[in-house]
Ligand code: IPM
Ligand code: MG
């Protein structure tokens, strides 16, 4: 298979972890005889410094031509005081919109070795394995007007959704549930918001098309609570953009570290942008200690969702699990009696595991 991949390192540790994903993909290409072409472009604060905009046209054009995009992270204190059109986050929102990446998938699964690092009791968190499906290109993030009025003393943001926008994300979530444990929780605030009432109606209409999936509706506030008290209740959660942003950060720490969690942002045709859920971590940037696992697992999601390379994706996931099971960990993780390693060593351990597995053996194992 031959594919064109655009790398957007962005800012802070984004620049360090993107290289880790690239190394892992080189190893996968060697083992499975694929050709991946890489092209690097700027986004976020780095793009502001170089080109005066968080999302240069050249970046958008390159991403539009690519089969998939890998993004590191954007943001940092250097740009915090900038006016809103010159904030690094604008680059991220802009590329999501420009590529119509409406479906954001954030899988959250606990690793046995890290259970003790969870802020929750091990017995509460141990069977957690959930997928948050977040609508990503509409809602409060993109509704207009969004502005200050009355000399800055009045503000307005708009929560806007069309039926079509809700239908397509709800379909994605039902389909995701069908290949998991067939349970869907649709999260809204239908006791207050008009947009949530339409959301709920659409989920009710759609459920007849997916009779194998059990659906429940839940309010966002009680879902926030249940994620802490009973996270293993959930299989797939589907929700609008802002609720999904908040719930996914909450859910991400359940399993011990934000440094472990990948995400996929998909368009209808499978083109996708893949990025860690964590941010640019300016406090540890440039030190070579960032955890590359979320980025590496994001590359695995790219292989699975955009390229349909399930064996290759699973091999990366097994590699990460095996490295952690052997006790290796970066500074954000604690493994008692384990060995602390930096970004480069962690990446090498994952690559070595991949190389140590003969590709044909894996295929046999994966089908076994
Ligand atoms: C995320 C981030 C972004 C979002 C920010 C950086 C704009 O928090 O991907 O969850 O709010 O979508
Ligand atoms: Mg967020």
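R0 = 41 Å: FRET efficiency of residue 51 with residue 148, Cβ-based, nearest 0.05? Before the final figure, lay out each step's value.
Numbers: r = 27 Å, r/R0 = 0.65.
Efficiency, rounded to the nearest 0.05: 0.95.
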Which order, highest average first, do 170-177, 53-60, 213-220 follow once you tally other Cβ atoms within 10 Å for each residue and take the mean per peptide? 170-177, 53-60, 213-220
Would you mind listing how long the stretch 311-357 runs along its three principal axes, going by Cα atoms, in whole Å with the largest first? 31, 18, 16
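Please give the calculated 222 nm ellipticity per residue for the chain, where each DSSP H segment of at least 4 residues contributes -39500 (n - 2.57) and the sum is spread over every residue; nearest 500 deg cm²/dmol?
Numbers: 13 runs with 153 residues, N = 368.
The helix-only estimate for the chain comes to -13000 deg cm²/dmol at 222 nm.
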Ranked by how many other beta carbons lie within 10 Å on average, peptides 14-21, 204-211, 29-36 from highest: 14-21, 29-36, 204-211
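On average over all directions, what projected area in square nanometres does the stretch 119-255 have, based on the convex hull of its Cα atoms? Don't skip to the answer; put the middle values down first.
Values: hull surface 36.6 nm².
Orientation-averaged projected area of the Cα hull: 9.2 nm².
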Final fewest-first order of 138, 146 on the 10 Å Cβ neighbour count is 146, 138
At 10 °C and 1.306 mPa s, the Stokes-Einstein diffusion coefficient in µm²/s for the stretch 79-123, with hydrodynamic radius from the Kirkwood sum on alpha carbon pairs, is 112 µm²/s
Here the convex hull volume per residue of the chain, taken over Cα atoms and given in Å³, is 146 Å³
Looking at the calculated P(r) for the stretch 116-198, what percent of the C-alpha pair distances fall above 19 Å? 58 percent
For residue 200 and residue 321, extending 7 Å from Cα along the Cα-Cβ vector and measuring point to point gives, in nm, a value of 3.9 nm
From the C-alpha gyration tensor of the stretch 248-368, pull out the three semi-axes of the equivalent ellipsoid (sqrt of 5λ each), sorted largest to smallest, in whole Å. 24, 20, 12
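Compactness ratio of the stretch 46-162: Cα Rg over 2.2 N^0.38 Å, N = residue count? Intermediate values should be presented prior to the final figure.
Values: Rg = 18.7 Å, N = 117, 2.2 N^0.38 = 13.4 Å.
My calculation over the Cα atoms of the stretch 46-162 gives 1.39.
No lab work stands behind these numbers, since they all come straight from the coordinates. None of these values were measured; they are calculated from a predicted model. Backbone-built Cβ (ideal geometry, glycine too); neighbour counts: all protein chains shown.
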